[in-house]
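A short reminder: the numbers here are calculations on the coordinates, not readings from a lab. On a predicted model such as this, the values are computed, not experimentally measured, just so you know. Positions of Cβ are generated from backbone atoms using ideal geometry, with glycine treated the same way; all protein chains shown enter the neighbour counts.
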Amino acid sequence: QVQLVESGGGLVQAGGSLKLSCAASGSFFSIMGWYRQAPGKQRDMVALITSVGSRNYADSVKGRFTISRDNAKNTVYLQMNNLKPEDTAVYYCNVRTSSSNRDVWGQGTLVTVSS
């Protein structure tokens, strides 16, 4: 079975940095990424990365966030720099299995950016 373990969320001041990690197990994943959801809002894509390193970012985080993955450890990271209060949300890891193209979601980790 596929399991995801997320870590790295917390409270940070505006302009600060955090690094999120998501360690996956149980499969190999064609796509790994991060989504976020603020209270009362829809869940939006933040960043995606394929198994060969192609990346896609939401316009709101380009130049500030960097997604990366370690295929040997099946772990995806999100380095978040120059954080803004509008980045405050629950961040969810998402992975897509290579074998069945099924998406699996993590439990989420809260990122709070104070002004």
Inset, instruction - Starting from the Cα-Cα distance between S30 and T66, subtract it from 0.36 nm times their residue separation and give me the gain in nm to one decimal. - result: 11.1 nm
Legend entry - Under the Karplus curve 6.51 cos²θ - 1.76 cosθ + 1.60, θ = phi - 60°, whole-Hz ³J(HN,Hα) for region 73-84, x wherever Gly or Pro sits: 9, 6, 10, 10, 10, 9, 8, 10, 10, 6, 5, 10
Legend entry - Debye, to nearest 20: dipole size of the chain, +1 on Lys, Arg Cβ, -1 on Asp, Glu Cβ: 120
Legend entry - Residues of region 7-40 with amide N under 19 Å of a point placed 7 Å along Cα→Cβ from E86: 12-18, 35-40
Inset, instruction - Give, as a single signed number, the net charge of other residues whose beta carbon lies under 13 Å from the beta carbon of T50, with Lys and Arg counted +1 and Asp and Glu -1. - result: +3
Legend entry - Simple label model, 7 Å out from Cα along Cβ direction - K73 to L110, nm: 2.6
Legend entry - Dipole of the chain, positive end: most advanced residue of L20, S100, Q1 [Cβ charges, Cα centre]: S100
